Every structure is written in structure tokens, then in C-alpha cells.
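Everything below concerns the one structure shown next.
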Amino acid sequence: MIIRTIKVSLLVLFVLGPFITSQAQSNVQPVVAETPQVYTAENPGWLVNLEEAYALSKKTGKPIMANFTGSDWCGWCKKLTASVFSKPEFKTWADKNVILLELDFPRRKTLPADIQAQNNNLAQAFQVGGYPTVWVFRLSKDEEKNQFSIEALGKTGYLPTVEEFTGGVDQMINK
């Protein structure tokens, strides 16, 4: 009797299987692909792409100021943002003097692969050993080789006020 029940169940699945499957599939809602979110910097007004920063730097003649940060885990990085980068005086100064580039190394979110690679390459080129590290530099590009040459103007880390931070960067730029 058990064997007979199994045979009947298999026969039902074999005969009705395509109908059960098509009925189940018809109840499935189509998956709508979401538009991928564009990756932006944690700090408003900062760029995340070196090519973009280079193009603006070349156009304006301003050096690039790159903030190597751990935006979602680094306490000193968060403190630098709160005490300097988020202040209106800093934003006014930056608009006149530098191109802002954020190079993030988060732990709780994933960056696009191309941005991760770019950030890692720049951290290696600048020998970044801790966060925050802020480098000010100029770039030139060999178009044939598609390679950048870096003219490092100086680096800094956390400074507690806008005046101290911008004063130090001004000295780097004016050397």
C-alpha cells in the first residue's frame, strides 16, 4: 500500500507538475532592477573620484586636498569632520583654495570596486599609515601612459579648529 501511494504521488507530480510550476510562477512578481545608487562622499561637497578632482584642479589651478578617512569607524576622522570640515568657514576657505577629495576606508559599508581600488592605490602611493591623514598635492598626467605624477605639498592629520587646519594647509600651498 505504501508503494502504491508513492507511485500515485509521483504520477500526480509528473502529470500535474508543469501546471503547478506555471501556476506558482504566475504568482511571482517580476523583480524590478533598482537604479544603482551613485556613490558620494560622506562630507557634502567632496569628490570621490581622482579623475574628476584632477580635471577640476587642472581647470582651476587649485591643488587637491585628499582626506584619507575611516568615515564610519575612526573617531579622530569623525572629530575632524565635526570640528573642521562641517564648518561654514572651512567650506568658504576650501571653495577658494583647494579641490576636496575624500578617500574613504569604511568598515560597515562597501564601496564600489573601482573606488576601493583607487583609494587603496592612493593610500599606498602616499604611504598612509593611519587615519585621518590629509594630503595636499598637485597632479600632472602623462596622457600617453595614462599615469599621474604627484607633487606632494604636505600632509596633516587632526587639528581641532578651522583656523589651525586651514592655516597649516595655506602654508603647504604657499611654499
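Taking first residues from region 68-86 that are within 12 Å of GLY130 (Cβ to Cβ) and partners that are in a helix (DSSP H, G or I), the Cβ contacts under 7 Å between residues at least 6 apart in sequence or on separate chains come to PHE68/ALA123; THR69/CYS77; GLY70/CYS77. Scanning for something without any contact (Cβ under 8 Å) to a residue 40 or more places away in the chain, of a type in the set (Val, Ile, Thr) and either part of a helix (DSSP H, G or I) or under 21 Å from GLN171 (Cβ atoms) (or both), does region 53-66 turn up at least one residue? Yes, the conditions are met somewhere in region 53-66.
If you filter region 109-162 down to residues that are of a type in the set (Ser, Thr, Tyr) and out of contact with any Ser or Thr (no Cβ under 7 Å at 6 or more places or on another chain), you find that the one that is nearest to THR40 (Cα to Cα) is THR110.
Check whether at least one residue in region 4-24 is charged (D, E, K, R), exposed (fewer than 13 other Cβ atoms within 10 Å of the Cβ), part of a helix (DSSP H, G or I) and at pLDDT below 95, and report yes or no. Yes: one or more hits.
So is ALA123 small (Gly, Ala, Ser), farther than 16 Å from ILE64 by Cα, within 22 Å of the chain's Cα centre (by Cα) and part of a helix (DSSP H, G or I) or not?
On the way: small (Gly, Ala, Ser): yes; farther than 16 Å from ILE64 by Cα: no; within 22 Å of the chain's Cα centre (by Cα): yes; part of a helix (DSSP H, G or I): yes.
No.
Which one is farthest from SER57 (Cα to Cα) among residues in region 109-161 that are basic (Lys, Arg) and modelled with pLDDT under 95? Step by step, filter region 109-161, then rank; the result is LYS109.
Screening GLU143 against (1) free of Cβ contacts under 8 Å to residues at least 24 places away in the same chain; (2) closer than 26 Å to ASN174 by Cβ leaves a single unmet condition, (2).
Restricted to region 126-150, and to residues there that are among the hydroxyl-bearing types (Ser, Thr, Tyr) and out of contact with any helix residue (DSSP H, G or I) (no Cβ under 7 Å at 6 or more places or on another chain), the residue that is nearest to PHE68 (Cα to Cα) is THR133. Only one of the numbered conditions (1) touching an Asp or Glu at 6+ places or on another chain (Cβ under 6 Å); (2) assigned to a helix (DSSP H, G or I); (3) of a type in the set (Lys, Arg) is violated by ARG108, and that is (2).
The values are calculated or read from the model by the stated rules, or taken from the named source; none is laboratory data. This one's a predicted model, so the numbers in the text were calculated from it and none came from an experiment. Note that we place each Cβ from the backbone using ideal geometry, even for glycine, and neighbour counts take in every protein chain shown.
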